[in-house]
Structure formats: C-alpha cells, structure tokens
Amino acid sequence: MSATPRCQRRDFLRYAAAQVISLPLLQTMGCGSDDGLQATQEWLDARPRVDTYFADARQSLGDDRVLDAAERIGREYIDVRVVPVRQSAVEELLTPVTALINEAASDEEAVAELRALVGEDFRDLQVVDVRGWTLSETEAQVAALVWLTS
C-alpha cells in the first residue's frame, strides 16, 4: 500500500475557516458600546502575534478573509462561553492565552506554542462547538482576540 500525501487536519481547518465568511455564521453583533467590551492593552499587545498566527492562511488566500472569519468565530465564541458577556469574565477567559502570546520571546515562539496548545486541546478534548465547527479552546480564544482588537 503506497502512502499518499494527506492534508494536515489543522491546515485544512485553518483554510476552511476562511470560507466560513460565505456562510451565515451568526447574526451581526458589535463589540462596542452596546455590549460594553473594551480592548485591554494586553489584548492590543498580543494582536501582531495573533496576525502572525494566521499569516500562512492569509498568504495562501491572498486577502483578509481569514481575519474576517476569525472575527466572526471569536464573536460567537465569546457569546457561547461568557454568559452574560462581562468585561471581567472575558478578561479572565483570555488571560492565559494572552499571557502566553505576550511572554513569548519571538513571534515564531508564540505561534509554535499556540499550535502546540491547539494539539493538546484536541488531545484533551478541550474543544468548543461554534456553529457546527469544532475548534480547540485555544484557537477560539485567538479568534476572540482578533474580534476584540478589530
């Protein structure tokens, strides 16, 4: 039996997530005065490395559809995980992943650590369903950072 090249599951999900924007993922809701969420300095500091995390998918697609999809996923994730949505609860939820990103010595280290955590999340069944997509808690939190800092 010959081995055929297979797409890695993470790569497939990352690229497929970019296609989500064509689906009615969720109803439009804003992150602003109506829900009271304000981006923290820690979230803003993490954003450049979050963009680096999505760089491969963005490069292959040639546009920002990946970040648009991440925003939608992040918004839905917060709505699913934080009920009612409160600033302090969102900060508590995102503190570990934000700290990991901000404390990494380089962008490459941050991305490698995030990818390792995603794998651990799936191994440990630390997953969340976002409109039919099964995502690791870590990747959903990274998507939430995209939404909260856009």
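The values are calculated or read from the model by the stated rules, or taken from the named source; none is laboratory data. Quick caveat, the model's predicted, so the values are computed rather than measured. Glycine also receives a Cβ, built like all others from the backbone with ideal geometry; neighbour counts cover every protein chain displayed. Calculation scope for accessible area: heavy atoms of the full protein, side chains included, ligands and nucleic acids excluded. Shrake-Rupley method; radii C 1.70, N 1.55, O 1.52, S 1.80 Å.
Take the range 38-150, drop everything but the C-alpha atoms, weight them equally and run the Debye formula without solvent; then report log10 I(q)/I(0) at 0.11, 0.14, 0.20 Å⁻¹ to two decimals. Once normalised to I(0) and log-transformed, intensities are -0.31, -0.52, -1.12. Extension gain, residue 55 to residue 95, is 12.1 nm, computed as 0.36 nm per intervening residue step minus the present C-alpha separation.
Computed extension gain for residue 79 through residue 64, at 0.36 nm per residue and net of the alpha carbon distance, reaches 3.1 nm. If R0 is 35 Å, the Cβ-Cβ spacing of residue 38 and residue 112 corresponds to a FRET efficiency of close to 0.70. Report note on the peptides 64-76, 107-119: ranked by the mean count of other C-beta atoms within 10 Å, highest first, their order is 64-76, 107-119.
Note on residue 45 and residue 127: the extension gain reaches 27.0 nm, defined as 0.36 nm multiplied by sequence separation minus the Cα-Cα distance. Over the C-alpha trace of the range 84-145, radius of gyration and Dmax come out as 12.2, 35 angstrom. Carbon and sulfur atoms: what percent of the 1.4 Å accessible area of the range 94-150 do they account for? Answer for the range 94-150 is 51 percent, counting heavy atoms of protein chains only. If contacts are Cα pairs under 8 angstrom and at least 6 residues apart, what is the relative contact order of the range 72-140 in percent? Averaging sequence separation for qualifying contacts and normalising by length gives 29 percent for the range 72-140.
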